[in-house]
Amino acid sequence: MIDSTEMAIVDRNAVALGVRETNLMESAGNAVARAVRDLDRDTPEVAVLAGRGNNGGDALTAARFLADLDPTVHLLGHPDRIRSAVTREKYDALQSAEVATNVIRDASALSIGEPEVIIDGVLGTGVSGTPREPERTAIQAINDSEATVVSVDVPSGMDVDTGERPGDSVVADRVVTFHDTKPGLADHENVTVANIGIPPAAERFTGPGDLQRLTRPTDAHKGDFGRVLVVGGGPYTGAPALAAQAALRAGADLATVLTPEPVADQVQGFSEDLIVRGLPGTRIEPTHVSTILEAAADQDVMILGPGLGAADPTREAVGQILEAYEGKAVVDADAISVVSAVETDASLILTPHRGEFQQLGGESADDRDGWATSAAQVAADLGQTLLLKGPHDVVTDGDRTRINRTGNPGMTVGGTGDVLAGVTGATFATLDPVPAAAVAAYLTGTAGDLAAESRNGGLLASDLLGTLPPALGGEQA
């Protein structure tokens, strides 16, 4: 089962894998046409009601496959206002096939006659809320007809994720949905799930479709996209600075660094955009735990680990923080080795490299599938999410596993893991653990690939800060 958001992501990832969008629509339209023929009517009179989105494009394609039945197509709105190039392509193909088409510019002009079969392609899975005109009138006309109704992907007007019907909605006799069934169709009696050629890789591998999770509405306010706290430094200064800067580059609104006083000024010197607070002493120690927890209470995500070091007092402090903390945290570097020894109510994303992964009890493997299997087992045992870094990153919570294939060998340079931790902190502020880790891995690897293309010499971790993709700001909504 797949919801509308995941379906949109999978569609986009399939295209990135080389499956052309026009081919997906051809397969979808053909599946709908087959469903009409399966009704076992000799020469039924068919009416097709098509909106101007991709759902309408599927219906227009179905009409072309049914051209021998002389269907009548009703396009809801002017062809010049068709919203996608691929739907426009299918409309043009329909005209070339000389299939009768009525352009409905005014809802009051809609008259569908008395067809025996209606193909409902009015509204698709990406539409929510009460239908507007001319879609509302079209839905009413469908329901007033005595025809057998075949809906494309979802009955128009129904929320495909919840099954709710906030206004007028089509009462379908049959639904042809694509790739996988949808939550809102669970109780529908006659649903056909059509394989339209989306490969399993579109769900397994991260891709540009995953970036659709990152939205930034025009009425957003400061803080809506995350306040990130980085707890680190002492032995090292660059690591917490990289993580905090990466969090900002990845869309977080504020990044605060808690670090020992002797290095606080150095950390601040990396960027005036950071908020830096010094802690007494040269390392993070148990005496700092209450201060850290108090600071974390006002943040959306804590990144724990960059540059901490592995001194015993620091490890003890990390354990105490995790035992008391109940929020979201990205656990990186030396802090990772403490996780398996403590109980926590926090929601964690752990970002180990393969050596640190084995400290968690993970087994080494000879291939990617072996690493993925081992990572899923460790994640299930811990009840947390892993982002296992490697030539191909593995993201898993033990139930769902994603693989990220962006990145390059130049990213073995020190500090890139700190950048990844920062990006993960930003995405975790607004997303659930597995999607957050998957998006972060994809973006960080893409930044590394872009940086490698622009440089003749070796990569520096700081190079990634300037190449994090523009999509980090999110799509306008």
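Tell me, what is the per residue accessible area of segment 3-64 in Å², probe radius 1.4 Å?
On the way: 2400 Å² over 62 residues.
Per residue, segment 3-64 has 39 Å² of solvent-accessible surface.
Once the Cβ-Cβ distance between GLU323 and ALA380 is put in as r, and R0 is 22 Å, what FRET efficiency do you end up with, to the nearest 0.05? List each step's numbers first, then the result.
Working: r = 21 Å, r/R0 = 0.96.
That gives a FRET efficiency of 0.55.
Enter the accessible area per residue of segment 199-244 (Å², integer; probe 1.4 Å; all protein chains in place).
Numbers: 1780 Å² over 46 residues.
The answer is 39 Å² per residue.
Taking 7 Å steps out from each Cα toward its Cβ at THR215 and GLN358 produces label points 4.5 nm apart.
Compute the length gained on full extension between LEU17 and GLU116: take 0.36 nm times their separation in residues and subtract their Cα-Cα distance, giving the result in nm to one decimal. Please list the in-between numbers first.
Numbers: separation 99, 0.36 × 99 = 35.64 nm, distance 3.99 nm.
Result for the pair: 31.6 nm of gain on full extension.
The rule of thumb for compact globular proteins, 2.2 N^0.38 Å, goes into the C-alpha radius of gyration of the chain 1.16 times. Close amide H contacts of LEU214 (hydrogens built in the peptide plane, cut-off under 5 Å, sequence separation of 5 or more or a different chain): GLU475.
Taking Cβ atoms as reference points and 15 Å as the exclusive limit, the residues near ASP42 contribute a net charge of -4, counting Lys and Arg as +1 and Asp and Glu as -1. Taken as Cα centroids, segment 36-76 and segment 98-134 sit 11 Å apart, rounded to the nearest whole angstrom. The protection proxy used here, the mean number of other Cβ atoms lying within 10 Å of each residue, ranks peptides 403-414, 293-304, 230-241 as follows, highest first: 230-241, 293-304, 403-414. A straight line joining the Cα centroids of segment 406-452 and segment 238-255 runs 12 Å. Look at where the Cα atoms of segment 171-200 and of segment 328-379 average out, and the two centres are 37 Å apart. Could you pull out every residue, at least 5 positions away or on a different chain, whose amide H is within less than 5 Å of the one on VAL257? Hs are placed 1.01 Å off N in the peptide plane, and Pro or chain starts have none. Under 5 Å from the amide H of VAL257 lie the amide H atoms of VAL230, ILE275, VAL276, ARG277, each far enough along the sequence or on another chain. Fully extending the segment from GLU261 to ASN456 would add 66.4 nm, taking 0.36 nm per residue of separation and subtracting the current Cα-Cα distance. Applying 1/(1 + (r/R0)^6) with r as the Cβ-Cβ distance of ALA297 and VAL413 and R0 = 25 angstrom yields a FRET efficiency of 0.10.
Rounded to the nearest 0.05, what FRET efficiency do ASP68 and GLU146 give with R0 = 25 Å and r taken as the Cβ-Cβ distance? Could you check? Please report the intermediate quantities before stating the final value.
Details: r = 24 Å, r/R0 = 0.94.
My answer for the efficiency is 0.60.
State, as an integer percentage, the relative contact order of segment 1-124 based on alpha-carbon contacts under 8 Å between residues 6 or more apart.
Values: 194 pairs, mean separation 37.5, N = 124.
This gives 30 percent for segment 1-124.
Straightening the chain between VAL193 and ALA311 buys 36.9 nm, computed as 0.36 nm per residue apart minus the Cα-Cα spacing. Relative intensity of segment 1-149 on a log10 scale, I(q)/I(0) at q = 0.12, 0.13, 0.19 Å⁻¹, equals -0.48, -0.56, -1.19, per a Debye sum over C-alpha point scatterers of equal strength in the absence of solvent. Peptides 187-193, 439-445, ordered by how many other C-beta atoms sit within 10 Å of their residues on average, highest first, read 439-445, 187-193. Packing, taken as the mean count of other beta carbons within 10 Å per residue, orders the peptides 125-132, 419-426, 328-335 from highest to lowest as 419-426, 328-335, 125-132. In summary, the lysines within cross-link reach of LYS328, defined as a Cα separation below 25 angstrom excluding same-chain residues under 8 places away, comprise LYS222, LYS389.
The values are calculated or read from the model by the stated rules, or taken from the named source; none is laboratory data. From a predicted model like this one, the values you see are computed outputs, not experimental measurements. Virtual Cβ from ideal backbone geometry, glycine too; neighbours counted across all protein chains shown. Please note that ligands, DNA and RNA were not included when accessible areas were found on the heavy atoms of the full protein model with its side chains. Shrake-Rupley method; radii C 1.70, N 1.55, O 1.52, S 1.80 Å.
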